[in-house]
1. Just add up the charged neighbours of residue 19: K/R +1, D/E -1, any other residue whose Cβ is under 15 Å from the Cβ of residue 19.
2. Where is the GNM fluctuation largest for the chain (alpha-carbon springs, 10 angstrom cutoff): 76, 19, 37?
3. I need the calculated FRET efficiency for the pair residue 45 and residue 8, taking r as the beta carbon distance and R₀ as 25 Å, to the nearest 0.05.
4. How much length, in nm to one decimal, is gained on full extension between residue 97 and residue 76, taken as 0.36 nm per residue of separation minus their Cα-Cα distance?
5. Whole Å is fine, so just give me how far the alpha carbon centre of segment 83-97 lies from that of segment 24-56.
6. Which number do you get for Rg(Cα) / (2.2 N^0.38 Å) in the chain?
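Each value in this text was obtained by applying a stated rule to the coordinates, not by laboratory testing. Because the structure is predicted, anything quoted here is derived from the model rather than measured. Here the Cβ is made from the backbone with ideal geometry for all residues, glycine too, and neighbour counts use every protein chain on show.
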Amino acid sequence: MIKGGKLRPRLAVFRSLKHISAQVIDDTVGRTIVAAHDWEVPKSLKSMERAAAVGRLIGEKAKNNGIESAVFDRRHYKFHGRVKALAEAARGVGLKF
């Protein structure tokens, strides 16, 4: 199991057939620091664009909370498609993992 700490929290991704969300978690205290869901972005976007928008959003929220790097937890999902789009967009705004 992937665990994150205070200096390098865990960026956990959840993907369903229609939605995608991400949260940055400090596992030492079991607290979600920031979270983003695709209902926070325009519904007019396609699924890959929505995933990228969620990635940018979680990256910006993390940077605003002083988080520079994280451990990427994709769970059992392949690093492909929407999961990859979210990860690359989060990296694009400066989040390191």
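1. Overall, the nearby charge balance is +4.
2. Looking only at 76, 19, 37, the biggest GNM fluctuation is shown by 76.
3. The formula returns an efficiency of 0.25 here.
4. Contour length minus the Cα-Cα distance gives 5.8 nm.
5. Between the Cα centres of segment 83-97 and segment 24-56 lies a distance of 11 Å.
6. In units of the globular-protein estimate, the chain measures up at 0.98.
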